[in-house]
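These notes are about the structure you will find just below.
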Amino acid sequence: MNIIKFLIPTIIFLFFVSCTKNEIEKSVIKEKSLDFQVLEAYTEGKKSLEQGDVLYAAKKFNEAETLFPQSKWAPKAALMAAYSYYSQDYYADVVAELERFLKVYPNHEDVDYAYYLLGLSYYEQIIDEKKDLQSMISAKEYFEVVLSKFPNTEYALDSEFKIEYINDILASKEMYIGRYYQQRKKWIPAINRFRTVIDSYQTTIYTEEALYRLVEVYYKIGLLEESKKYAKLLGYNYQSSKWYEQSYALFDKKYKINNKVKKSKADEKSKSIINKIKSLID
């Protein structure tokens, strides 16, 4: 009887130990199997991408991420899905994937690449410079994030070049509209456009002309002090430019006449030298 009393707890203990061990073994097997499935889906996605089947590749990368979201492969798979779409110009899908990536994995080591690829996705959509204004603005915003947050990365230099290009386009657009208003004597809208170029796109090639246009507009509407202010600013920064020369001519009416006389004398001198050389040859 005492033996039975002893055996019953022991049997129960061994039963629970056995069950627990089986559960642990099953859990380990399941985890290994799941990790294998993730890797298999990722590998299959990569293979499909290399073969050019980008939609199936993106599907497999998404599958890899969904199977085991805690694994190290999950964020890589999300980025690879975005790149798959990008490789065949599915820009709306790229943007959706990357925006989700930034929300789910905001501190991932490749977040700089995500911002850069977002910028590229909008940048590549700039087909018509007159119409695709929103694409330019969005691209510029993401490239600026790359520059400010990740200045020492390989993506920063290219982002800087692309921002310069976008700024040139935006500045040229402002100048075109500003000239349009100026020709129609709509002075205030014209001034606003030219000042936008100076304030927002001062590193572009259009800054000199924008300053001159402000000199010209203020001069025409009789605000001479404002006109002189921008003329001085133009002279200080671009003294040797043709725009400064034209602004100077606005205030000095004799400047054009003197320049013509100087040019005429210079031309005459050139002719006399040429004729002298000619006589020596003859």
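The values are calculated or read from the model by the stated rules, or taken from the named source; none is laboratory data. All of these numbers come straight from a predicted model, not from anything done at the bench. Cβ atoms come from the backbone with ideal geometry, glycine included; neighbour counts cover every protein chain shown.
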* Does at least one position in the stretch 156-174 carry a residue that is of a type in the set (Gly, Ala, Ser) and within 14 Å of the chain's Cα centre (by Cα)? -> yes
* Determine whether ILE137 is at pLDDT below 95, under 19 Å from TYR201 (Cβ atoms) and in contact with a helix residue (DSSP H, G or I) (Cβ under 7 Å, 6 or more places away or on another chain). => no
* To do: For VAL146, work out the one condition from (1) assigned to a helix (DSSP H, G or I); (2) among the β-branched types (Val, Ile, Thr); (3) within 29 Å of ASP53 (Cα to Cα) it doesn't fulfil.
  => (3)
* **Residue that is surrounded by the fewest Cβ atoms within 10 Å (Cβ to Cβ), among those in the stretch 102-114 that are under 18 Å from the mean Cα position of the chain (by Cα) and assigned to a helix (DSSP H, G or I)** => LEU102
* To do: Specify the residue that is surrounded by the fewest Cβ atoms within 10 Å (Cβ to Cβ); the eligible residues are those in the stretch 201-240 that are of a type in the set (Phe, Trp, Tyr) and within 21 Å of TYR180 (Cβ to Cβ).
  => TYR219
* Say whether the condition of being touching a Leu at 6+ places or on another chain (Cβ under 9 Å), aliphatic (A, V, I, L, M) and over 22 Å from ASN237 (Cβ atoms) is met by at least one residue in the stretch 147-165. => yes
* Is one or more of the residues making up the stretch 193-200 among the polar types (S, T, N, Q), at pLDDT below 95 and closer than 29 Å to ILE163 by Cβ? -> yes
